[in-house]
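Structure first, then comments.
The values are calculated or read from the model by the stated rules, or taken from the named source; none is laboratory data. Remember, it's a predicted structure, so these values are computed and weren't measured experimentally. Because the Cβ atoms are built from the backbone with ideal geometry, glycine has one as well, and the counts that use them run over all protein chains shown. Ligands, DNA and RNA are stripped out before the accessible areas are found, and what is left, the full protein with its side chains, is counted by its heavy atoms. Shrake-Rupley method; radii C 1.70, N 1.55, O 1.52, S 1.80 Å.
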Amino acid sequence: MESRTAEVPFSAGWEALVGVASRPERVFSTFPYEAGVIQRGEKVFARFAIRKFLLKFEFEGVLEFTFNEPHVTYVVKGPRGLLILSFAADRGLIAKASADIPGERMLGKKLEFLAKGSGTALARMAESHHTIAARAFGSPQNFIIRNFEPSLMAHTIRYVRFHIGSPSFTLRGENGGEWFTVTVENDIVRMVEYGSDSGSSIIEVEKGILNVGAEDFEGIDAKGEYVIRIRE
């Protein structure tokens, strides 16, 4: 069996990790490559596909997953062999991709890509869910955030992405006469328009949903209690 490991910065803890990892049907869709989960009868299947330059990879099989602090492990058994993704929350997030797939060329590079991508997605989604869930009241498509500030914008976007499962949506926040609108297309944060009754401004972001941070929204003066509404 061949393996590759990637270390990803991670500021949340075990409970945050499990809170997201326990929903593979949601978190897999946020991986920066094709990934998904489907129920067929009593079995759950997972599918992964990489289509990046010379890295062409597809794998599908029955999904099983286990949690044993500090480890989260996904095991996928298919006709072509075995694929394992495991994650450990320990002063960061250690992501490991292992596989036994006879005849697969360049397997090491593909596993490296899988480990880095899935680890980054899991870390960012867990951090954002942990940060926003304690402040959000309501449904994922219509909720209130108390004590909102611009540094929470990236976390709010990822929180919504995780819960609604769609890579494209519009997020609008309102606080009396002040408002902001975030446009997300295919997991790219395109822009933020913000303003009040006196006028509006636009910030062009053009960054992947896993890569946006507080620094991308510093020009937005949005603080207080905001009503957040989502349109897909």
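Would you compute, from DSSP H runs of 4+ residues alone, the mean residue ellipticity of the chain at 222 nm, taking -39500 (n - 2.57) per run and dividing by the full residue count, rounded to the nearest 500? Spell out each step's value before the answer.
Values: 4 runs with 51 residues, N = 232.
Mean residue ellipticity, 222 nm, calculated: -7000 deg cm²/dmol.
Taking each pair of distinct Cα atoms in the chain once, what is the resulting Kirkwood hydrodynamic radius in Å?
18.6
Within 10 Å, count the other beta carbons around each residue, average over each peptide in 60-67, 157-164, and list them highest first. Walk me through the numbers on the way to the answer.
Values: 60-67: 15.5, 157-164: 22.6.
So the peptides 60-67, 157-164, ranked by packing, come out 157-164, 60-67.
Checking the table K116/K223; K52/K96; K43/K110; K96/K207; K110/K207 against a 28 Å threshold on Cα-Cα, which pairs fail? Show your work: numbers first, answer last.
Details: K116/K223 34 Å; K52/K96 20 Å; K43/K110 26 Å; K96/K207 26 Å; K110/K207 24 Å.
Cα-Cα > 28 Å for K116/K223; rest within.
Taking 0.36 nm per intervening residue step and subtracting the Cα-Cα distance, what contour gain separates F45 from T170 on full extension?
Values: separation 125, 0.36 × 125 = 45.00 nm, distance 3.02 nm.
Length gained between F45 and T170: 42.0 nm.
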Sorted largest first, the C-alpha extents of segment 158-207 along its principal axes in whole angstrom are 34, 21, 11
To the nearest Å², the heavy-atom accessible area per residue of segment 114-198 with 1.4 Å probe amounts to 38
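Under the Kirkwood approximation for Rh and a Cα-based Rg, what ratio Rg/Rh is obtained for segment 121-210?
Working: Rg = 12.7 Å, Rh = 13.4 Å.
Rg/Rh for segment 121-210 comes to 0.95.
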Inter-part gap, Cα centre of segment 111-152 to Cα centre of segment 161-232, in whole angstrom, is 14
As straight-line cross-link partners of K77, the qualifying aspartates and glutamates (C-alpha separation under 20 Å, not fewer than 8 residues apart within one chain) are E2, E25, E34, E42, E58, E60, E64, D100, E104, E112
